[in-house]
Every structure is written in structure tokens, then in C-alpha cells.
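> Below: one structure in C-alpha cells.
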Amino acid sequence: MYEVLQNINSPADVKKLNIEQLKTLSGDIREALFNRLTKIGGHCGPNFGIVEASIALHYVFNSPQDKFVFDVSHQSYPHKMLTGRKNGYIDDACFKDDSGYTNPEESEHDLFNVGHTSTSVSLACGLAKARDLKGQKHNVIALIGDGSLGGGEALEGLNFAGSELKSNLIVIVNDNQQSIAEVHGGLYQNLAELRQSKGKAEHNFFKSLGLDYVYEDNGNDIEAMIKALQKLKDIDHPVVLHINTQKGKGFELAEKNREAWHWCMPFDKKTGAWNVSFPAESYTGLTAQYIMNKAARDKDFVVITPAMPMTAGLSPDLRQQLGAQYIDTGITEEHAVAMASGIAKAGGKPLLVTNATFIQRTYDQISQDVCINNNPVTIVLNYASFDGLTDVTHLGIFAIAAFSNIPNLVMLAPTSKEEYLNMLDWSVEQKEHPVMILMPGNMVTSRAADKDFGALNTYKAEQAGEKVAILALGDFYQRGEELARHISKELGFKPTLINPRYASGLDEKLLSQLAQNHQLVITLEDGILDGGFGQKVAAFYASSSMKVKNYGLNKEFYDRYNPQELLEQLGMTTEQIVADVKKMLS
């Protein structure tokens, strides 16, 4: 096994191989991908589809002197194997040594920590400009695909490169006819025309921007890719190399079902069955049920997603059933938010769903297009919890601090199935506020909940007590319940337990009442403390004698952390908090 790959320790070793050895290397890389993905999961289709192009890149160019920028970088696994990191794929003990994205801390062959889409062309333009200012001579290559080309920043980068950059820049458009789900937008119609005409279509988006253009129909052929890249090496102006590839190449299941195998959990190689069990009920599934029921009852309701339908559980068949009441804008979060505002302004009922990490780029649209205009858009964020996605590029822990302080925006943090569904329905139907709802990341729990949330910032006291009040927000509410039980058992009194529900405002009446028979207020939140929920509570009590202790995460870019270990490091386990309470009350 790994006949050739085992001897590859740097790109220099790739250059020594003949064509037959390079083909053997491509098979080795795919076997290494299987070894890692079947055991720990990760991005599947993007990496299987880019193997030959990655080999050709390192055969022709001279990394790190020549600079490679991978868009999203979820297709960088083969590149990593060719740049001294093969053990992260062939040696199970080394899996943790290698992140799922390019990472400068791992290798000089990685220039950026990248996990969000449509950034490669702009980053590459910057590298090229700096090179020119310094009078240096090397190639700058941006690799973009998987739907990223339709993102606004990618178009801005191409627009600049075509008109303003007068030196070497090679943009490889990896056209596998797929985003995460299916591709959307007129740009992809032009890509189809170019593929069908072998690059000779009359209408050429890239040429219209002033870019040179080359088409390669055999993007999964090493010889063809080497020849194409050799012709472009050291070119003196920006050029687009448009390559036609098969997403999931070499893995039949991933070739046939490109959406399902874009990313995967650990799986059985023979059957494709994931080696992970899932609970019978999930908040993602509940979201899909709500959307389907609501759409059937209300023709004014529409769900919008920027290329993330499965974050709301919307499988292809459900999307087809929704018809015109489903909009996938492609990987264009900014457009999706502004469009939702337009729909709301015109009397529609838009529900926008995506992951918390991806909504960050829409701060301006949420603030300007939605909140200044106070349009009733509902935004649901999945993976806003600290124990959801833990890669540094995909953290959801900044959502509360980033968005809860925008005027007019109501941020809701549900704690149970009933509360989540009731918040969804209230938000979609009301016409007074833009609303952001943090989809719970915990196991589904059931508890009676209010149906009307129009009395903004009204917290709910779930348990009346004394001395200590626990304000446990959203996903940390269950931790608050556990803490309350331990305080009762170990300290001999029953604390008050409060479900704040609103992450964006204070219930000043309730907070004032707590001062009558409480000495300590504890806040628990599933996000960073700086600018978050707890600091608002602490500021309210600043001029009083009430003690306040905030528990949350530090303002830090955590990477691939163990959630339970992180809680212990931060002093946030139940046992640690109980010990703190004992000290603060003594």
C-alpha cells in the first residue's frame, strides 16, 4: 500500500516521478483519503476530485516559492500529502496533526488559514501585488471551485484581476458542476456553455472581465493537466484555467451523490454507511418539519439559504416539494440577507437559514439592509454552539457578541423543542422586528413554552429560589439546571433558575427583583464573554452590591478543541462553579 506516496516527503519528490508513477501516486492518495475519511470523516468529494490537479500543480510549480491559495481549502488534503504531511492520512496516530484546512502553522506550503468561501482570488491578488512591489518573480495560483466562484468576493477579485493587475496570476476554476448542493446562478450557465463548447462559446464571463482564458476538458487527467499548467507557468498577465473535473472522482458513491458526500462522517468503505448513530429527533429535523408545514399552509412563506439547505434538514426531495417557496442563492450570504429584507418589505415571510460561522460576513447587510429598516426577517443559525464545529475557521461562538448588539435585532436563544418551534412561528408571523434565532445544538428536550414573545426581553423564572440566581442562556440552560441541582444538594439551599430567552436585551424588572433576596447572579452562555450576554447583566448591577460572575468563553480563536476539556480549562464545569459559589457566598 502507498507504493509511491510513502516516498513523498516534499514537492521535490513529485518532480522525480514519471507519468506512470504519478498515476500510481494518484491511487495512493485516494487510498490515503479513504484511510482518514472512513475513520474520522471530513471533506470527501472535493478532495477526491482534485487529486490529479494537485499532483500536476506540484509537478509543474515550485512551492513554496510559487504560491498556492486554496479557496475554502477543503480540497487541500492531496496538497498536504504532497508537502510532507502524508502521515496525517496514512498513519492513524497522526490524524490530529493535520487540520481539515490549509494552515500556515503546519507547513510553509500553506499561506493562509482558510475555511470560508470565495476568498482565494482576492488573497492571490494581494500576494501578486506584494510580489510586484518587491520586484520578485514567482507564480501566484488561486484554486477555486465547489460553488465558490459565485460568491461576491470571488467576483470582486476577478474584476480587479482582469482590469488592474498586469502581471502573473493564474486562477484555476475547478468546475465540477456542484456546490455543496446543486449550483445556482447565471454564472454557472455560462460555465456549462464553456464546457459544452470546449471553451469556445461566444459568451465568456472571464473574457468580459479582461482576463485571458484557457479551457482544459480533462481535469482529472494528470498528463493533460501538466501540459496545461506548463503552458501557463511564468505567464506575464492574469489568466483563468477552466478545468472540467468529476467531484468525488474514484469513489463511486461520491460520484453518484455529490451533495451527500461533499462532507462525511466516518463511514464503511464497502457500504458507505456512516459509522455514527444519530438520535431519532434533532433540531435540524424539527426545522425541516416546521418549514414544510408552514409552506403548505402559507403561500407568503419562503425559506432562503445561501447554499446550506441541509443545515435546515432540507433534502433534495423536500426542496423539490417546496418549489417556488425555496430559494438557494448559492454561496452568497450577503445577497441572501438583503433579498430577505426585500421580501419582508413587500409583505412576504422570509426565513433565512445557514450556519453561524457563515453569517459573519453579512454584518453590514443585517445592520443596514435589515435592522435600520426594521424589516421582519427571521434568521436561524445552526452550529452556534461551542461544541458543534470546532475548527478555527468554523466557530459559532462569536454569534451572540457579534449580532446581539445591533439595534432592532431580537436575538432568541431557545432551550427546548417547544420553545424553538414557538419562537420560529412567532417570529415568522410578527411584523415588528428582525429576529435571529440560535438553533439549539443540544439533544432535543421537551418542556412547555410560551407562544408569544412580543413582550421583548421578558425572562422566564423556571425555578424560584434564594441567594443565588442562575441565568442560563440557550444551549447552556441544561447546564444551568444541573448546576441548580448541585447547589441544592451540596450547599443546602435552592437557587433561582432563569431562562433568559432573549440574548439581545435585559429584563430590568426581573433583575431588580433579584436584588431583594439574592447575593449572587451567575450567567452561563454558549459564546465569548466579551460583548456577550453576561457582560450586559454585569453592567446592570455595576452600581449595586450584587455580586455577578459571568461564565463563558474567552475572546480567542480556539482550534479543534475538546469541548469538555475546554470547560475545565475555563473553570466552567459544574463542580468548579459550585466551588466558586461557595467561596463567593462565604
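Each value in this text was obtained by applying a stated rule to the coordinates, not by laboratory testing. This structure is a prediction, so every number in the text was calculated from the model and none was measured. So basically every Cβ, Gly included, is an ideal-geometry build from the backbone, and we count neighbours across all protein chains shown.
> Against the longest alpha carbon principal axis of the chain, how many degrees, from 0 to 90 and to the nearest 10, is the axis of helix 152-164 turned?
The angle comes out near 40 degrees.
> Can you compute the helix-only [θ] at 222 nm over the chain? Use -39500 (n - 2.57) per DSSP H run of at least 4 residues, normalise by all residues, nearest 500 deg cm²/dmol. All intermediate terms of the calculation are to be shown ahead of the outcome.
Numbers: 23 runs with 215 residues, N = 586.
The helix contribution divided over the chain gives -10500 deg cm²/dmol.
> So what's the convex hull volume per residue for the Cα atoms of region 193-306, in Å³? Before the final figure, lay out each step's value.
On the way: hull volume 23.7 nm³, N = 114.
Value for region 193-306: 208 Å³ per residue.
> With +1 assigned to the C-beta of every Lys and Arg and -1 to the C-beta of every Asp and Glu, and no other charges, what is the dipole magnitude of region 283-438 about the Cα centre in debye, to the nearest 20?
On the way: 9 positive and 15 negative charges, 59 e Å.
Using only the charged Cβ atoms, the result is roughly 280 debye.
> While we're here: Give the relative contact order (percent, whole number) for region 181-306; include only Cα pairs under 8 Å separated by 6+ residues. Each step should come with its number before you reach the end.
On the way: 96 pairs, mean separation 18.8, N = 126.
This gives 15 percent for region 181-306.
> Consider just the alpha-carbon atoms of the chain and return their Rg together with their Dmax, both in angstrom.
Taking only Cα atoms of the chain, I get Rg and Dmax of 25.9, 81 Å.
> Based on the mean of other Cβ atoms within 10 Å per residue, sort peptides 64-75, 269-280, 413-424 so the most packed one is first.
Values: 64-75: 24.0, 269-280: 10.0, 413-424: 22.3.
Highest-to-lowest ranking by the protection proxy: 64-75, 413-424, 269-280.
> With everything on Cα atoms, drop me the angle between helix 51-60 and the longest principal axis of the chain, reported from 0 to 90° to the nearest 10.
So the helix axis and the longest Cα principal axis differ by about 60 degrees.
> For region 428-586, what are Rg and Dmax over the alpha carbons, in angstrom?
Considering region 428-586 through its Cα atoms, Rg and Dmax are 15.7, 49 Å.
> So what's Rg/Rh here for region 5-264, counting alpha carbon atoms and using the Kirkwood radius for Rh? Kindly include the intermediate steps, with their values, before the conclusion.
On the way: Rg = 17.0 Å, Rh = 18.2 Å.
Value, to two decimals: 0.94.
> Could I ask something else about it? Angle, helix 222-232 long axis vs. longest principal axis of the chain, Cα atoms, 0 to 90°, nearest 10?
So the inclination is approximately 90 degrees.
> If all Cα-Cα distances of region 283-438 are sorted into 10 Å bins from 0 onward, what percent lands in each bin, rounded to whole numbers?
Going out from 0 Å in 10 Å bins, region 283-438 shows 11, 46, 37, 6, 0 percent.
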